[in-house]
1. Quick one: compute the contact order of segment 51-180, relative version, from alpha carbon pairs under 8 angstrom and 6+ residues apart, as a percent.
2. Please find the FRET efficiency linking residue 94 to residue 156, where r is the Cβ-Cβ separation and R0 is fixed at 35 Å, and quote it to the nearest 0.05.
3. Work out the P(r) tail for segment 51-180: percent of alpha carbon pairs separated by more than 24 Å, whole number.
4. Determine, for each peptide in 123-132, 110-119, the mean count of other beta carbons within 10 angstrom over its residues, then list the peptides with the highest first.
5. Amide H neighbours of residue 81 under 5 Å, counting only residues 5+ apart in sequence or on other chains, H built in-plane at 1.01 Å?
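Every read-out reported here was derived from the displayed coordinates using simple, explicitly stated rules and does not represent laboratory data. Note that the structure is a prediction, hence the values are computed from the model and not measured. Here the Cβ positions follow ideal geometry from the backbone for every residue, glycine too, while neighbour counts run over all protein chains shown.
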Amino acid sequence: MLAAQNKKGVPMSRSIRLAFIAVAATTLAAATLPAMSAAPGATAGVHVGTPEDRAAIEKLMWTYDRMLDTYDADAYAKLFTPDGAFGQTKGREALHKMIADLKKGHDERRAKGEKISMRHFTMNQYLEFTGPTTARYHYYHQTIFGTGGEKSPEPARIAAAGNGVDDLVKIDGQWFIKFRNVAAADDK
């Protein structure tokens, strides 16, 4: 086996070759890793969020579905900023009324003997941090009425499905929904 040589043709020792390889690998890794860890299409310096931010947003969005499905208008409205919006419904008072009215309508239908159970599902989520206190939450969603299988007295049926992109904001250390768009035309 031929020994590696430097530019002047002098053989390099094994330890020098290993040191050279280590420096080259470290330099390559330092140049590559930031780009690999960034979101698709992101540029250097983009905020990627802390594990605590990611966990808080995951909990926020899970709580959103749960409060909606249990008709908890008070807790639902508090998930939004004071001027937050769901589509065209803007502000905590209006959001509270939206859920209270939904509950009232479902209660009236139940009183007439109709079986209503509602579940919201959020899937294929992608969290994009747009700054240290702002993020966009991309997802697909489904709303299902019914609980059972096809032969159940209450078979499940899809009431709504689509993709959404929500704007989130962190205020005084807590994440809130600024704008919920469950009818996003695209992911922008």
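1. The normalised contact order for segment 51-180 reaches 22 percent.
2. It comes out at approximately 0.70.
3. Values: 2703 of 8385 pairs.
Looking at segment 51-180, the distances longer than 24 Å represent 32 percent of pairs.
4. Result, highest mean Cβ count within 10 Å first: 123-132, 110-119.
5. Here the answer is 177, 178, since their amide H atoms fall under 5 Å of that of residue 81.
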